[in-house]
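Notes follow once the structure below has been shown.
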Amino acid sequence: MKDLLPECYDGFDRQDHVIDGVDTVVLTMGQGPDLVFLHGTGTFTGFDAARVWAKTHRVIIPFHPGFGLSGEAPNIHNIEDHVFHYMALFDAMKLDRVALAGFSLGGWIAAEFALRQPQRVSQLILLAPAGLVSDSAPAPDLFSIAPDELPGYLAHDPARILPLFPAAPDPKFDAALGREVTAFARLLEAHPQGNPDLARRLPRLGMPTLLIWGAQDRLRPAAQAQDWLSALPEARLEQVPDTGHLILEESPSSAALVSRFLDEMAGDMPGGVITAEETWEATEWQILGQTYRLKQDGQDSMAWHATFPPGTFVPPHIHPDQDEFVYVLSGEYTIRLDGEERKARTGDLVVMPRGVPHGIFNESDDDATSLFWVAPTRALRSLFAAIDKVPDPDEVVRLAGLHNVHFLPPPETK
């Protein structure tokens, strides 16, 4: 539905959803690929940067439960609760695969969401994110900062952001901001600096990631950017000079950094000939004795050359949202598809539809080679990167489940 919006949201459309009993308001603007932006603790800043992004994308800005225009959420106590809220909201909005951006608190939620549903995140943009515990550059205690000092923590030059604050005492403004700060405080009760497990989990994120940080950020110290950068395998950092925490508001031109990144990621896949000796982006994986050499990668499909030595296999599993194909180049495979077993030999094409259990085995005495491909790509490249050279099959199965590939339990023995 559409409804009236405050003047600062002029030009946005409004949607209202009830997610697990929580009235959730979502703003949208523009047309094109979906870009979801998760806001920070204070929504008083508005979302003018979205007007830049809406020139090329459909920008989707949900208000967190307990923040802004959304309703109260007494059952949301931690970041995990927020992540599950957004899983349900994405389901309700039929958001299959999006570019996901988040600022400060929203960056923390975005990173945790991407860890749990990487198949839904094509690109990740984190603007001065909270959530990572940094021993070398801990964040100051937000709740010990005096009100008159707060602008100096939010901006390098407080004069640039003072127009965001009321010129005279405004109880309504104070109450709205106090509500949001209280909701944020509730998330930090157990761990004031963030999630102590986040640093060891971030290396599992394989999607292209852009970090944006104000070079003079005091609220999320700029030195924390290096902690994020070292933990994220596919990240790059853009530092915005002479800028504090409110990056998009103090330096509005920084919104173009997001647009440029998304434009680069959406570039046309280059054409040409990938020779027998070449791999796409020099990428090769060793997975439980098999060798996978990447041959093509894009949002719509991904292909790789596979070598299965004798006795190696991929046990039965399901891709809920990918079709998979195998063209046999040499040797023989045993294919178990939806409970039936067949042989596939040189020149044969194996079609394994999404949602159908299938396993691939080399039960012969010789190597078997093939060209595999899947459509669409989803999180498969991230999965291969995560399980490369992992020796423990149980760990491979666990990581696969996090990337929406689900291995089936072994059949019961009589």
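A compact table of results
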quantity: Qualifying residue in the range 309-324 (condition: at pLDDT 95 or above, of a type in the set (A, V, I, L, M) and touching a strand residue (DSSP E or B) at 6+ places or on another chain (Cβ under 8 Å)); calculated: yes
quantity: Complete set of residues in the range 340-359 that are out of contact with any Asp or Glu (no Cβ under 7 Å at 6 or more places or on another chain) and in a loop (DSSP other than H, G, I, E, B); calculated: Thr346, Gly347, Asp348, Gly355
quantity: Filter pass, Ala386 being surrounded by 15 or more Cβ atoms within 10 Å (Cβ to Cβ) and either of a type outside the set (Gly, Ala, Ser) or under 19 Å from Gln299 (Cα atoms) (or both); calculated: yes
quantity: Members of the range 249-287 found to be touching a helix residue (DSSP H, G or I) at 6+ places or on another chain (Cβ under 7 Å), in contact (Cβ under 8 Å) with a residue 60 or more places away in the chain and within 25 Å of Ala385 (Cβ to Cβ), listed by number; calculated: Val258, Trp285, Ile287
quantity: Selection within the range 27-62 - under 17 Å from Ala175 (Cα atoms) and among the aromatic types (Phe, Trp, Tyr); calculated: Phe44
quantity: Residues (closer than 29 Å to Leu402 by Cα and touching a Phe, Trp or Tyr at 6+ places or on another chain (Cβ under 8 Å)) located in the range 336-362; calculated: Arg336, Leu349, Val350, Val351, Met352, Gly359, Ile360, Phe361, Asn362
quantity: Among (1) among the charged types (D, E, K, R); (2) surrounded by fewer than 20 Cβ atoms within 10 Å (Cβ to Cβ); (3) closer than 29 Å to Pro203 by Cβ, the one test that Arg378 misses; calculated: (2)
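The values are calculated or read from the model by the stated rules, or taken from the named source; none is laboratory data. Model, not experiment: these values are computed from the prediction. Note that we place each Cβ from the backbone using ideal geometry, even for glycine, and neighbour counts take in every protein chain shown.
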